[in-house]
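A.B. asks: Have a look at this one.
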Amino acid sequence: MLHWLILKSYINMSTVLIIFYILSAITLSTAFLTIYTRRPIHSAIYLVLCFFSIAGHYLLFNAQFLAIVHVIVYSGAIMILFLFTIMLMNLNNEDEVHKPRITRLGAIIIFVLVSIIMISVFINSKTIMGDYDNSGVDYQSIKVLGKVLLNEYMVPFEFASILLLVAMMGTVLLSKKEKSGK
């Protein structure tokens, strides 16, 4: 009976590990394709896929609220803002000069170097063996999270909202075409 429980926990752990590896591969590949793709719309779509895979990582950490907020805010609102900016600026012109091959080669080299460094860090890292400190506060609760955000972190929360408002206003101003003849 004990062997069955150990085997069952090993199978469950390996399932989570396999899901982690699949999500990591999706995250890294879509992040690379976001940078490497020539068309801005395709780049935005790959970025949305990258955001969804990151939300999958949050679900693996048992942070369901953070995953849902990540999908709503980043994959929803921010990407809509990016797509409107791309459409309004008409960045997909055929007469537009594309990046030279040397910058694409540089992006590939940097991607490979960062991947090698991250793989070596993961291979050489050791697991932390110790007791888990439990404060008794459930930070998955929206009520507790709201109290923490709007009491202790009120000023940074408001600064972030002002920053997003200024970014949205800047996007509108950049996408506005100048009238000819003046």
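A.B. asks: Quick test for you: out of GLU94, GLU152, pick the one residue that is farther than 25 Å from ALA31 by Cβ, open to solvent by 90 Å² or more (accessible area, probe 1.4 Å) and modelled with pLDDT of 75 or more. Spell out the reasoning first.
C.D. replies: Details: GLU94 fails: modelled with pLDDT of 75 or more.
Exactly one of GLU94, GLU152 is farther than 25 Å from ALA31 by Cβ, open to solvent by 90 Å² or more (accessible area, probe 1.4 Å) and modelled with pLDDT of 75 or more, namely GLU152.
A.B. asks: OK, next. So VAL71 ticks every box in (1) β-branched (Val, Ile, Thr); (2) open to solvent by less than 50 Å² (accessible area, probe 1.4 Å); (3) over 25 Å from TYR21 (Cα atoms); (4) modelled with pLDDT of 85 or more but one. Which box is left unticked?
C.D. replies: (3)
A.B. asks: Can you say whether PHE111 is of a type outside the set (S, T, N, Q), at pLDDT 75 or above, over 30 Å from LEU33 (Cα atoms) and within 25 Å of the chain's Cα centre (by Cα), as far as the supplied structure shows?
C.D. replies: Details: of a type outside the set (S, T, N, Q): yes; at pLDDT 75 or above: yes; over 30 Å from LEU33 (Cα atoms): no; within 25 Å of the chain's Cα centre (by Cα): yes.
No, not satisfied.
A.B. asks: Would you please name the residue that is farthest from the chain's Cα centre (by Cα), looking only at residues in the range 114-149 that are over 16 Å from SER29 (Cα atoms), surrounded by 10 or more Cβ atoms within 10 Å (Cβ to Cβ) and of a type outside the set (A, V, I, L, M)?
C.D. replies: If we take residues in the range 114-149 being over 16 Å from SER29 (Cα atoms), surrounded by 10 or more Cβ atoms within 10 Å (Cβ to Cβ) and of a type outside the set (A, V, I, L, M), then LYS147 is farthest from the chain's Cα centre (by Cα).
A.B. asks: At pLDDT 85 or above, in a helix (DSSP H, G or I), surrounded by fewer than 14 Cβ atoms within 10 Å (Cβ to Cβ) and not basic (Lys, Arg): which single residue out of ILE26, ILE11, ILE22 fits that description? Let's see the steps before the verdict.
C.D. replies: Numbers: ILE26 fails: surrounded by fewer than 14 Cβ atoms within 10 Å (Cβ to Cβ); ILE11 fails: at pLDDT 85 or above.
Going through ILE26, ILE11, ILE22 in turn, the sole match is ILE22.
Every residue, every condition in (1) at pLDDT 80 or above; (2) of a type outside the set (Ser, Thr, Tyr); (3) out of contact with any His (no Cβ under 8 Å at 6 or more places or on another chain), yes or no:
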| residue | (1), (2), (3) |
| --- | --- |
| LEU66 | yes, yes, yes |
| ILE78 | no, yes, yes |
| THR127 | no, no, yes |
| PRO156 | yes, yes, yes |
| SER161 | yes, no, yes |
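The values are calculated or read from the model by the stated rules, or taken from the named source; none is laboratory data. Since the structure is predicted, the reported quantities are computational estimates derived from the model, not experimental observations. Ideal geometry is used to build each Cβ from the backbone, glycine not excepted, and the neighbour counts take in all protein chains shown. The protein model used for the area step is the full one, side chains on, heavy atoms only, and it has no ligands, DNA or RNA in it. Shrake-Rupley method; radii C 1.70, N 1.55, O 1.52, S 1.80 Å.
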